[in-house]
Structure formats: structure tokens, C-alpha cells
1. Could you go through the range 335-347 and let me know if any residue there is at pLDDT below 95 and either assigned to a helix (DSSP H, G or I) or open to solvent by less than 30 Å² (accessible area, probe 1.4 Å) (or both).
2. Scan the range 71-127 residue by residue and report those that are of a type in the set (Ser, Thr, Tyr) and in contact with a strand residue (DSSP E or B) (Cβ under 6 Å, 6 or more places away or on another chain).
3. Among the residues that make up the range 260-272, is at least one of them open to solvent by less than 70 Å² (accessible area, probe 1.4 Å) and either within 30 Å of Arg237 (Cβ to Cβ) or under 32 Å from the mean Cα position of the chain (by Cα) (or both)?
4. Pull out all pairs, ordered by first then second residue, where Cβ-Cβ is under 7 Å, the residues are six or more apart or on different chains, the first lies in the range 190-215 and is acidic (Asp, Glu), and the second is assigned to a helix (DSSP H, G or I) and open to solvent by less than 10 Å² (accessible area, probe 1.4 Å).
5. Could you check the range 497-556 and list, in sequence order, the residues that are among the aliphatic types (A, V, I, L, M), within 24 Å of Val25 (Cβ to Cβ) and open to solvent by 60 Å² or more (accessible area, probe 1.4 Å)?
6. Return yes when Gly157 is surrounded by fewer than 19 Cβ atoms within 10 Å (Cβ to Cβ) and over 16 Å from Ala117 (Cα atoms) and no when it is not.
7. Is there a residue being of a type in the set (A, V, I, L, M) and not in a helix (DSSP H, G or I) anywhere in the range 138-150?
8. What pairs come up if the first residue lies in the range 403-424 and is free of Cβ contacts under 8 Å to residues at least 60 places away in the same chain, the second is of a type in the set (Asp, Glu) and outside any loop (DSSP other than H, G, I, E, B), and their beta carbons are under 7 Å apart, counting only those six or more places apart or on different chains?
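The values are calculated or read from the model by the stated rules, or taken from the named source; none is laboratory data. This is a predicted model, so every value here is computed, not measured. Backbone-built Cβ (ideal geometry, glycine too); neighbour counts: all protein chains shown. To get the accessible areas, we keep the full protein, side chains included, count just its heavy atoms, and leave off ligands, DNA and RNA. Shrake-Rupley method; radii C 1.70, N 1.55, O 1.52, S 1.80 Å.
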Amino acid sequence: MKRLLYPLVAALLLGPARAAPVQFVPVAQARAQLPWPAPVPQPKAAQFPAGTLPVVGLSVQTIGDAAELGWAVRDLKAEWKTRLGLDLPAAPSGKIVIGTVADPALAARIKAAGLSASGPEGYALLVDTSGAYVAGADARGAYEGAQTLRQLLTPAGLRFARISDAPALKQRIAMIYLDQYSQGVNDRLIPLLAELKYNAVLIMSDYVQWDAAKAGGWAHPGGATKAEARRVANLVRSYGLEPIPLIETPGHATWMFYGGKNLDLRQDPDSQNPYAYDTLNPETYSRVVFPVLKEAAETFGATTIHIGHDEVRNRDRFPAQANGKALGYAKLITDDIVKIHDYLKTLNVSTMIWHDAAFADAVAGTVPTALPKDITVAYWNYDPGTDFPMLGQIKAAGFPTLGASWADVGSAEGQAQAAARAGINGMIQTRWTGYFGNPSIWDGAAEQGVAYVRAANAFWNPAAAPLRNADLLYRDLYQPLPYASASGVSADLTPLVTRSLTDDRNQGWILKGPDIDLRNLKTGVQRFGAYTFNVSGAVMLRGSRDAAKALPTQATIEIGRKADAIAFLHTTGWPSATNRENIGHYDMAYTDGTHVTQPLEYGRHIRAWTDTVTSSMVAAPGWTGQTRDGLDVNVPVLEWVNPKPGVAIKSVTLVSEGKNANPVLIGLTLIGGK
């Protein structure tokens with residue numbers, strides 16, 4: 001009889017649509033933005049005694065006149081205003097003191113507390129009943145200490161702390177882009193990167209609308225203006241970051257051929273979409289490369305320019321012409337690097353390259369020995385692990401050396417450990433979101449933004465434990481919100497549940513058995529990320545899979561209440577074949593007879609429980625866990641902001657398009673309203 005139970009229930013209860021009234025449970029924190037529990041990056045040595053320095057009456061003072069101290073005060077004031085809605089006044093007797101160990105009184109206070117500040121960018125931080133004290137080993141260290149201090153802010157005040165800290169890696173570089181969307185994105189990213197204690201940014205600048213490009217007719221309309229490039233460079237410096245422009249040569253040089261221009265300079269005459277330039281044509285340098293590099297050096301005030309030199313032979317033939325073939329690839333690439341290096345030296349600018357043009361197996365025995373040893377070589381390797389012997393080999397060859405990691409979990413963490421062991425200069429967190437794809441760092445390729453957070457933790461402190469829930473912190477830093485909570489009510493969806501979260505007899509969840517279900521997502525009232533839900537089971541709707549074909553096409557939750565917003569804890573049973581596919585929608589019906597629809601685009605508003613790549617921050621991180629057999633799984637949260645909060649919502653209907661990715665509602669919470 002037990003084997004017949006599920007089909008019988010399906011036949012009786014599951015039809016083309018379901019509707020039912022539900023019970024609501026009051027929740028004090030339907031949505032709550034809370035302080036992060038610990039500073040990121042993780043300090044080298046830190047204790048957090050119980051207690052808080054009350055926020056009431058706090059003011060800030062600086063000891064010294066270094067620019068970094070002013071930046072620290074600016075950032076603290078912004079934190080107070082954003083998080084608490086309060087002003088942080090500056091006062092000569094402020095209880096928050098920021099300076100360096102060059103001040104005898106501040107140095108003595110830190111020493112008496114058993115703390116130390118030493119080494120470049122090192123700092124000590126003390127918060128106790130008497131006040132908050134940041135003592136940098138240098139002015140930059142004081143600024144870094146202030147970034148830690150701002151993360152100790154709570155609605156009640158500053159958490160007590162005793163910290164001695166310094167970075168393990170000298171250079172900590174994050175990659176950003178310049179395009180037509182630059183301002184809206186980079187104005188958020190640059191303060192975020194400073195708070196995470198990066199000290200330089202690698203700025204993709206191929207398509208900046210250089211004067212040379214405008215004059216030659218190959219300026220791309222999607223590129224940032226030169227004025228925007230200069231503005232970003234100034235903003236970067238105001239947050240203590242060094243701007244390092246990246247101009248890709250001789251491969252990835254499609255920028256110089258835009259609009260069909262400069263075709264006489266292409267490496268491969270047969271290429272219909274030129275990728276690399278001709279290194280033997282003097283006009284390559286006089287007409288294009290040198291003018292652009294000169295403009296970049298002046299615009300950014302650059303002391304270093306990255307000239308690319310990766311994947312040179314990935315697409316077009318190189319060498320492709322008879323004169324180049326006679327010399328060979330090794331000679332061509334060596335001469336190109338040296339020519340650009342020598343030109344940049346006349347501008348008092350250092351050179352940086354990717355490793356593979358010089359250290360690929362085919363040329364590693366010849367090219368490096370012919371290159372100037374003041375060229376910084378960045379070794380990119382996106383494989384997991386902690387063993388990267390090439391880092392040591394490049395250093396042993398006499399070059400300043402950087403590692404370069406990718407967005408995958410473990411990439412930055414593993415390579416940073418190898419970098420620390422090898423004693424190289426530092427690390428770059430790369431980002432490849434397309435030349436004109438800046439907005440995707442929030443919506444479309446957000447996982448690469450999340451990687452900034454994980455990498456920052458690893459670059460500063462390679463010995464730190466891997467950071468959990470980095471997506472939550474990235475969301476909070478990119479789009480900081482006040483520390484506040486809103487009450488509401490959470491629905492008990494039991495009358496509408498079509499599948500249990502557990503699957504002991506192949507009758508629940510996705511009918512795959514107990515090893516691959518959501519049993520670790522417990523039922524009851526609980527908090528996931530910023531939201532509270534009452535979990536009772538899954539309102540799973542119809543999909544194209546056999547296991548979901550008999551399920552209802554829609555489910556209606558009767559509401560009868562006002563709300564400022566609705567939070568949906570939801571997922572899909574299976575993934576979509578394509579990102580942004582429309583897999584269903586929510587229909588919000590009001591008591592005045594009007595309706596509002598919220599589409600569900602896969603990867604943007606909703607994604608499968610097995611799809612753990614946070615490609616969009618439109619949906620917030622929610623529950624994360626594992627199946628019994630160890631598979632990482634998650635359920636995101638979509639917050640819908642009600643455009644008509646003054647009108648009661650009659651009902652919410654979830655509708656499935658019946659595709660492979662079938663919508664599953666697990667929790668629904670009304671935020672605010674009466």
C-alpha cells in the first residue's frame with residue numbers, strides 16, 4: 001500500500017492549478033541587514049573580547065597630516081552615514097584616534113595593550129572602554145586599519161577588538177574595466193576594493209577613446225572617454241590604489257582594427273577579424289602602439305603599464321608573413337617586448353606582461369634570457385591546487401613576479417598560498433567579463449565580483465581559512481544598506497506543498513532518493529541571509545522532466561494583506577539549458593482588481609538548487625548546504641518590491657512554463673505593510 005500512496009495523492013491533489021489560504025506567522029526580522037560577523041580580510045592576529053564602545057558621542061581625530069589619514073576619516077564618516085544614518089564628527093579629543101606609531105603616545109598605548117604594528121601597511125587596532133585606536137606602521141597601514149575598524153561598527157557601537165595585522169603579499173591587485181558603463185560600476189567597485197585592502201587595480205583600457213583612436217577612425221563608441229579614464233584614475237588614487245592600465249599587445253589587439261582600420265598592420269593578411277599586429281611594420285608602433293601607450297601613461301599618471309602578451313597565437317597565424325617566418329616566433333615576440341619596454345622607459349614607466357609569451361614551453365629556454373629583468377611577469381593559472389612551481393621559476397629567472405587567479409572557488413586561495421611560499425611580489429585577481437560588460441559584475445557575471453572578496457582574504461592572509469558566504473559580503477559591500485530590520489509575516493505553505501524536501505522512498509523532492517534531496521534545509525521558522533522564512537515543504541510546479549510532468553502548472557497563495565515587499569525563497573528542480581530563459585512568473589493580484597507580474601528569468605531571478613554559481617545579484621543569496629552525498633546546493637531569495645504598498649495584495653500566483661527548469665517555491669515572507 002505504501003508504494004501506491006504517492007500516485008494516489010498526486011491523482012487526488014495535483015491538477016492544472018492549486019489555490020489555498022495559508023496561515024501567516026509574525027516575524028520581527030522579515031528582512032534584516034546585519035553587520036558582518038568578522039573582519040575581511042581576516043587579520044593575522046585578532047581577539048574580540050565581549051563588549052562594545054557605545055556609538056553615542058563618538059568622534060574621530062587624526063594624528064598627523066598624511067593624505068591616508070584623511071581618506072580614513074572620509075571612509076569612516078561614510079560608514080556611519082550609510083549604516084546608521086549618523087554623522088561622525090571630527091574633534092581634537094575624539095575617542096576614535098587614527099595615526100601611526102611615529103606618535104609616541106599612540107605607540108605607547110598600543111604597546112601597553114600587547115599589540116604591535118610593523119612592516120609595510122601593518123597596523124594595530126585597539127577598541128576598549130576608553131576608545132578606538134588605529135596605529136599604522138606607516139600611513140598606509142593606518143588606512144588599512146581604518147578599513148578593519150569600519151567593519152566593527154554595529155548599531156550599538158564598535159565591537160571591542162585587539163588586532164595586530166600586516167599583509168603577507170606586497171602587491172594585491174584587482175582587475176577592473178573601462179567602458180561606457182564605467183562610472184556606475186567603478187564608483188561602487190573602487191571603494192569596495194579599498195575596504196578589502198587591495199592596493200592596486202589593473203584597468204582594462206583597450207577601448208578607451210584615445211586621441212590617436214579618434215584621429216585614426218578606430219575609436220569604439222562603447223569605450224570609455226579619455227576624461228572618464230582620467231576620472232577613474234584619480235578616484236583610484238583617492239582610495240589608496242595604484243592604477244595600472246592594461247593595453248593588450250600584440251595579440252588580443254582587435255581594438256586597433258575596429259571599423260576596418262589599420263588593416264595594413266595586421267599580422268595575418270588573410271584574417272577577416274584581425275587579432276594580432278605585425279611586429280615588423282614600423283608603423284604598428286609609430287601610428288598606433290606608442291601613441292596609445294603615451295596617452296595611457298599621461299592619462300593614468302601610470303608608473304607601470306601592463307602590455308598583455310598572452311595567447312598571442314590563439315587565433316591568427318603568428319608569424320604569418322614570409323619575413324616573420326624567417327625570423328621565427330621567439331625572435332618576433334622578444335623584439336616586440338623589448339621595443340615596448342624601451343619606449344615605456346623613456347616615459348619613466350615600468351613594464352608588466354603575462355607570462356605565456358615568454359615562458360611557454362616552446363620559448364622558455366630562449367625568450368626570458370633576452371628580456372630586461374625589470375619587467376614584471378604575471379603568471380596566470382586558473383587550475384585548482386596549491387602547487388605552482390612556475391612562480392618560483394619566473395622569480396629565479398630574475399623577474400619581479402606576480403600570480404594571477406580566477407573566479408573559481410579555491411583558485412585565489414590556493415595560488416596565494418603558493419605565492420607566499422615562493423616569496424613573490426603578490427597576486428592579481430583577474431576578471432574577464434567582456435570589454436563592454438561592466439554591468440555584468442552585478443548581473444550576469446557576479447561570481448567574478450564575489451571572487452574579489454575571496455581573493456582579498458587570501459592575498460592579505462594566505463593562511464586564513466577559506467571564506468564562507470562571500471557572495472553575501474560582496475552584495476553588502478557593492479550595495480551597502482543601513483543596519484536595520486523590517487518586521488513582517490511569513491507564510492506556512494503547507495496547504496500548497498506538492499513535494500517534501502526529503503525523499504526517503506523516491507516519492508519526495510525530485511524523486512531521486514535520500515542521497516540527493518533537500519533534507520538539510522530544515523523546516524520551521526529560520527533565517528537565510530537577510531530574510532526569515534517559515535519552511536514546511538516545496539510547492540513544486542510542472543516541468544518537462546518525467547518526475548515533474550504530473551505536477552500543477554500554477555499555485556495561488558491567498559494573501560489579503562498589504563506589504564512593502566515580498567521575499568520568495570525559491571529554486572528550480574532542474575537547470576535551464578540557457579541563461580535568462582523565462583521559466584515562469586509570479587502574478588500579484590491586488591484587491592483593486594489590478595495585477596503586477598514578476599518574470600522569472602533563469603540565472604537572474606531564480607536558479608536550480610544544484611546551480612551554485614552566483615551569476616546575478618538580482619536574486620540574493622539564501623540557504624546553502626549539501627546533500628547527503630556531499631553535493632553543494634543552494635536556494636536563493638528574490639525580493640520583489642511592491643509598487644503599490646498602499647493597496648492590499650489579494651493573492652500571489654506562481655506560474656510554470658513547464659520547461660526543464662520548473663519553479664519551486666519553498667518560502668514566502670511579506671515585508672512591512674499592515
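1. Of all residues in the range 335-347, those at pLDDT below 95 come to none.
There is no residue in the range 335-347 that is at pLDDT below 95 and either assigned to a helix (DSSP H, G or I) or open to solvent by less than 30 Å² (accessible area, probe 1.4 Å) (or both).
2. Residues of the range 71-127 of a type in the set (Ser, Thr, Tyr): 82, 93, 100, 116, 118, 123.
Residues satisfying the conditions are Thr100, Ser116, Tyr123.
3. No, the range 260-272 has no match at all.
4. If the second residue must be assigned to a helix (DSSP H, G or I) and open to solvent by less than 10 Å² (accessible area, probe 1.4 Å), the pairs left are Glu195/Gln147; Asp206/Trp255.
5. Of the range 497-556, the ones among the aliphatic types (A, V, I, L, M) are 497, 501, 510-511, 516, 518, 521, 525, 530, 535, 538-541, 547-548, 550-551, 555.
Subset that is within 24 Å of Val25 (Cβ to Cβ): 497, 501, 518, 521, 525, 530, 535, 538-541, 555.
Val525, the sole residue that qualifies.
6. Details: surrounded by fewer than 19 Cβ atoms within 10 Å (Cβ to Cβ): no; over 16 Å from Ala117 (Cα atoms): yes.
Here the answer is no, as Gly157 does not meet what is asked.
7. Residues of the range 138-150 of a type in the set (A, V, I, L, M): 139, 142, 146, 149.
Still in the running and not in a helix (DSSP H, G or I): none.
No, there is no match, as no residue in the range 138-150 is of a type in the set (A, V, I, L, M) and not in a helix (DSSP H, G or I).
8. Ala407/Glu447
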